[in-house]
1. Within straight cross-link reach of A:Lys73, meaning Cα distance under 22 Å, which lysines are found once same-chain residues fewer than 8 apart are removed?
2. Relative to the longest principal Cα axis of chain B, at what angle does helix B:107-134 sit, 0 to 90 degrees, rounded to 10?
3. To the nearest 20 debye, what charge dipole does the stretch B:27-126 have about its Cα centre, counting +1 at the Cβ of each Lys and Arg and -1 at the Cβ of each Asp and Glu?
4. Modelled label-to-label distance, A:Lys15 and B:Leu137, 7 Å Cα→beta-carbon offset: nm?
5. If I model a spin label as a point 7 Å beyond the Cα along the Cα-Cβ vector, how far apart are those points for B:Asn67 and B:Val34 in nm?
6. What's the FRET efficiency of B:Ala105 with B:Glu5 using the Cβ-Cβ distance as r and R₀ = 51 Å, to the nearest 0.05?
7. Of the residues B:Ala60, B:Ala47, B:Ala75, which exhibits the maximal mean-square fluctuation in a Gaussian network model of chain B defined by a 10 Å Cα contact cut-off?
8. In the Gaussian network model of chain B, springs joining C-alpha atoms below 10 Å, which of B:Ser63, B:Ser25, B:Ser114 carries the largest mean-square fluctuation?
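Nothing in this text is a laboratory measurement; each read-out follows from the coordinates by a stated rule. Because the structure is predicted, anything quoted here is derived from the model rather than measured. Quick reminder, even Gly has a Cβ in these numbers, built from the backbone with ideal geometry, and neighbours come from all protein chains shown.
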Amino acid sequence: MSTSDRHWHQRADLKPDYGHSLWWFMFANGGAIAAILLPVTILVAGVLGPLGVPNWMEDARHFGWTLSNPLIKLYLAVLIFLTFIHAAHRIRYALFDFGLRGSVVALEWACYGLAIVATVAAIALIVFTP
Amino acid sequence: MNEGEAALAAPRTYRRALSGGWFLSRRSYFLYVVRELTVVFMVAWLAWFLYEVLLLKQNAFTSLSGNYVVLAFSAVCLFFTLWHAITFLNLSGLILRVPLGDRFAPPSAIKALSFGGLIGATLVGGAVMIYLGYVKL
């Protein structure tokens, strides 16, 4: 049987692009996590807080005390990591849509690289605060 | 140069080049681009939040109560975050194929579960975040 006679998923010369699937996997999970967890975080800390509703960012004592909890650190680390990766993936494809098609590899390195560097910096900040 | 040679020298392309404002030509294209750019507001809010964490680390954090600049910024970010949430979870029924015996779970059930997750997380998470503000320290 020649290569062209087979269905694409039976062809030994075609290998899965694991790198590509990894970014799409994290994009999808990041999108879901951001869709479910980010609205309530913004609503409480950014909208209700300034309106005078007491919350975990009420003052420095409450904010520091809440941030000292390892589960809160884990929550924020997961939320930030997956949202940043999701954003990098979306921006990478949006820039392509806007006509930036010269160097796809450089664009990928810029977007995903920036997301990873920002995530590492953010997690370091959260882990070592307060 | 005859007609054939001229055609070879400058072959006609059948791929239409997109202009910079292609997304303004149709409403659905525009809404697609807005959906793509919702992440900018999500990342902007997280960046602001991390700045507040940095202020806390430097003992410079002040209460946000009555800060209407933060309120306006967060309201805009919340609007686009909800836009992302609704458009993203709306697709969950099409994307998530959950095997159920020799069939798949109905897309409407997957979608209902996704939006249920958003509502549940908002109610439970919101209650916890507000409760933490009432804890006596």
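1. Leaving aside lysines fewer than 8 places away in the same chain, those within reach of A:Lys73 are B:Lys57, B:Lys136.
2. It works out to around 40 degrees.
3. The dipole magnitude comes to about 200 debye.
4. With each label point 7 Å from Cα toward Cβ, the separation is 5.3 nm.
5. Here the answer is 2.9 nm between the modelled labels.
6. Approximately 0.25, to the nearest 0.05.
7. Comparing B:Ala60, B:Ala47, B:Ala75 in a Gaussian network model of chain B, the most mobile one is B:Ala60.
8. For chain B, modelled as a Gaussian network with Cα springs under 10 Å, the answer is B:Ser63.
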